[in-house]
Each structure stands twice: as structure tokens, then as C-alpha cells.
Amino acid sequence: MLTIRIHGHGAILVGPEHGGPDRTISLNHRAATARWAAETLAAQGAALTEAGRLRLPLLLLYAGDDPIADPRGAEDLFAAAASPDKTACRYDGYFHEIFNEVGRERVFADLAAWVDARR
């Protein structure tokens, strides 16, 4: 069995046969393939098309100043979602990785409060 331990922006793969770190891999990538882009766009389109079927509680956390993912996409998905229990939290001044930003404590607090309210 292989265990992945997240550390910063990388991960350490640990195998029991080694008794310790096996190798480190990066979780950040600086380039995307054309296939990745095509598949991502298709998945986003499908999610938006099917959002009207969503009936479960929905929490949407997103960065307001994301240079990679346009915040309007999150807002469109939220508007289209049919869930009667839906919450959107936009973090203006945050960029792409809201759980790794300076001020991420606010994001984690919002997540915890949302989950606690539904226990």
C-alpha cells in the first residue's frame, strides 16, 4: 500500500516496505496539455448543463480574483444549481488556490461553519 502525505505544494509517497519517504512529487504544474484543456472545458460544460439536477446541499468556495478560472463560471454554476440549500462564498483578493492563500483561515472557517450547520 502506498500512502501520500501532503506537504506544502508537494507530496511524499511512503511505502511500508521502505519504512519512510519513497519519493517526492510536485502537486503544482506549470503547463497543461491540449487534451487536458479540452477535457476540462468539456467537463465544465457538462457540469453547468447538469447543474439543474443537483438537489444536495451545495457549498461553493471560489476566488474572486482568480487569473486561471474565471469567477463567473462558479457564479453561473451556482445560479444553475437546483439545490434548495446552496451557499456561495466568493473571496475577493484571493487567487486560484484559496486553501493555500494568505488568509486561508477564513476559507477553512467558512467551510467548517457550513458543515457544522448541517450536522
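If residue 46 satisfies all but one of (1) farther than 20 Å from residue 118 by Cβ; (2) surrounded by 12 or more Cβ atoms within 10 Å (Cβ to Cβ); (3) modelled with pLDDT of 95 or more, what's the number of the condition it fails?
Against the list (1) farther than 20 Å from residue 118 by Cβ; (2) surrounded by 12 or more Cβ atoms within 10 Å (Cβ to Cβ); (3) modelled with pLDDT of 95 or more, residue 46 comes up short only on (2).
Can you spot a residue in segment 90-106 that is surrounded by 13 or more Cβ atoms within 10 Å (Cβ to Cβ), in contact with a Pro (Cβ under 7 Å, 6 or more places away or on another chain), of a type in the set (Phe, Trp, Tyr) and part of a loop (DSSP other than H, G, I, E, B)?
For segment 90-106, residues surrounded by 13 or more Cβ atoms within 10 Å (Cβ to Cβ), in contact with a Pro (Cβ under 7 Å, 6 or more places away or on another chain), of a type in the set (Phe, Trp, Tyr) and part of a loop (DSSP other than H, G, I, E, B): present.
Would it be correct to say that residue 111 is under 14 Å from the mean Cα position of the chain (by Cα) and surrounded by 15 or more Cβ atoms within 10 Å (Cβ to Cβ)?
The answer is yes for residue 111.
Quick check on segment 75-83. Is at least one of its residues under 26 Å from residue 46 (Cα atoms), charged (D, E, K, R) and more than 13 Å from the chain's Cα centre (by Cα)?
yes
Return the total of residues in segment 93-108 being out of contact with any strand residue (DSSP E or B) (no Cβ under 7 Å at 6 or more places or on another chain) and closer than 25 Å to residue 54 by Cβ.
Count: 3.
Would you mention how many residues in segment 39-79 are in a loop (DSSP other than H, G, I, E, B) and β-branched (Val, Ile, Thr)?
Total meeting the criteria: 1.
The values are calculated or read from the model by the stated rules, or taken from the named source; none is laboratory data. Given the structure is predicted, the values throughout are model-derived calculations rather than measurements. In this analysis, Cβ positions are derived from the backbone assuming ideal geometry, glycine residues included, and neighbour counts consider all displayed protein chains.
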